[in-house]
Every structure is written in structure tokens, then in C-alpha cells.
Amino acid sequence: MTAAPTPPSRFTRVRRLPERGAYDRATIDAILDAAPLCHIGHVIDGRPVVIPTIHWRVGDTLYWHGSSASRMLEATPGAEVCLTATLLDAYVLARSGFNHSVNYRSVMCFGRPRALAEAAEKEAALEHFIEHLFPGRWPSLRPPTAQELKATAVLSMPIDEASAKLRTDGPHDPEADLAWPVWAGLLPVFTMRGAPMPDAHTAPGTEPPQGW
């Protein structure tokens with residue numbers, strides 16, 4: 001069940017162009033699920049660091065993973081982080097350079113991640129990760145070894161403090177510019193997967209599932 005919207009905090013409240021802000025979980029979840037990766041900002045040794053990574057959502061919880069030896073993952077549990085995910089939908093071409101823009105959907109989440117400690121909990125989270133990207137693939141894979149699970153850090157964070165921001169319209173040219181003789185409008189941007197390319201060791205007759 002989708003959680004009820006959380007009133008925005010001073011961090012998640014959209015201040016610049018507040019009419020573009022959205023705080024309902026349906027909008028937030030849809031963007032998080034569609035975004036191919038996120039960026040996680042935190043402080044390590046007194047310096048700001050932003051790391052790109054793949055995230056996934058299970059209900060009201062976000063997950064991401066990395067090497068257990070990573071300095072970033074070692075420093076993150078218990079410390080507050082900011083996770084952002086963005087989808088670029090179109091370039092907006094106006095009649096002046098000043099009014100060019102982009103259409104986008106973005107989410108910003110704040111929280112204190114928890115490191116998953118139990119091997120079974122890690123494995124269940126990683127199964128959700130693979131199934132999020134490639135539905136139906138996990139049962140056909142070699143099960144993870146104990147050493148692989150030990151070498152993999154998985155972090156979780158509840159979606160308690162989050163907001164979305166979206167731009168979905170055309171150029172905002174002033175009335176005086178509308179007669180300027182130049183093309184204006186939207187240049188859509190799409191992210192899509194290409195045809196699967198098997199490696200040299202893929203057995204003949206082994207095909208990827210339809211829909212990838």
C-alpha cells in the first residue's frame with residue numbers, strides 16, 4: 001500500500017518555483033522506480049562527496065549496494081545522506097538563450113541509512129535488485145556465495161522525508177519574443193535499451209527473456 005504524503009520539511013520543501021513541487025508518494029515512487037540510477041551525497045572526513053549508483057525500491061524502503069571495502073559505504077551507515085534521482089524528458093528550446101530549459105522529473109530523499117547485516121537479508125535485497133532490472137532472471141542465476149555476500153554492502157533507507165520536482169511544459173517566452181523568427185519547442189529525450197549482445201561463452205540456444 002502506498003504511504004500517505006509526508007508534509008515537507010525545510011529540506012524537502014520546494015522553494016524555487018514551488019508550483020513544480022510534489023509530495024505524494026505515488027509521484028515520488030514512480031520517479032524512483034523509473035530512474036536508472038541515483039546520486040548519493042554525504043560527508044566523508046569533513047568533505048562533501050556525491051556518488052552515482054543504482055538504487056531500487058521495495059515498498060517504503062530504498063536500497064543501494066557496493067563493495068564492503070568502499071570508504072563511502074563504510075562511512076555512510078548512521079550518517080544522514082541526500083539521495084537524488086532525475087529523469088531528463090526533453091530539452092526546451094526558447095526564442096532566447098535565457099529562456100532555454102529542460103523538462104525533467106526528480107526526487108530528493110533525506111535519511112540515515114542502515115547497513116544490512118544478515119546474509120539472508122542481503123540476499124533477499126539483492127534478489128529485488130536483479131528482479132527490478134531484469135524481471136524473472138534471479139531464479140536462473142548461480143546463487144551468491146557466502147564470500148560474495150560478505151564482500152557486498154547493502155544499505156537501506158526509509159522513504160520518510162522526500163519530495164519531487166517536475167517541469168513538463170514548453171518554453172516560457174515573453175510576449176515580446178513570440179514573433180522572433182526562430183524555431184522553438186521541445187526536443188524529447190529518451191533512455192532505452194538496445195538489443196541484447198551475448199558474450200563469447202553464452203551457450204548456443206540460450207536466449208534472453210522477451211521484453212528486456
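The values are calculated or read from the model by the stated rules, or taken from the named source; none is laboratory data. What you are looking at is a predicted structure, and each value in this text was computed from that prediction instead of being measured. Here the Cβ is made from the backbone with ideal geometry for all residues, glycine too, and neighbour counts use every protein chain on show.
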**Q.** Filter result (in contact with a helix residue (DSSP H, G or I) (Cβ under 9 Å, 6 or more places away or on another chain), in a helix (DSSP H, G or I) and hydrophobic (A, V, I, L, M, F, W, C)) within the stretch 130-146
**A.** ILE130, TRP138, ALA146
Q: Check LYS122, LYS165 and return the single one that is in a helix (DSSP H, G or I) and of a type in the set (Lys, Arg).
A: LYS122
Q | the stretch 173-206: number of residues that are surrounded by 13 or more Cβ atoms within 10 Å (Cβ to Cβ) and part of a loop (DSSP other than H, G, I, E, B) | A | 3
(Q) Tell me whether the stretch 43-50 contains one or more residues that are part of a strand (DSSP E or B), farther than 13 Å from LEU155 by Cβ and modelled with pLDDT of 95 or more. (A) no
Q. Could you list, in sequence order, the residues of the stretch 44-70 that are surrounded by 13 or more Cβ atoms within 10 Å (Cβ to Cβ), more than 14 Å from the chain's Cα centre (by Cα) and not acidic (Asp, Glu)?
A. ILE44, VAL49, GLY66, SER68, SER70
Q: Among what's in the stretch 114-142 and is surrounded by fewer than 15 Cβ atoms within 10 Å (Cβ to Cβ) and among the basic types (Lys, Arg), pick the residue that is nearest to THR152 (Cα to Cα).
A: ARG142
Q.
Every residue in the stretch 85-113 that is touching a His at 6+ places or on another chain (Cβ under 9 Å) and either loosely packed, with under 15 Cβ neighbours inside 10 Å or in contact (Cβ under 8 Å) with a residue 60 or more places away in the chain (or both), please.
A. TYR91, VAL92, LEU93, ALA94, ASN99, SER101
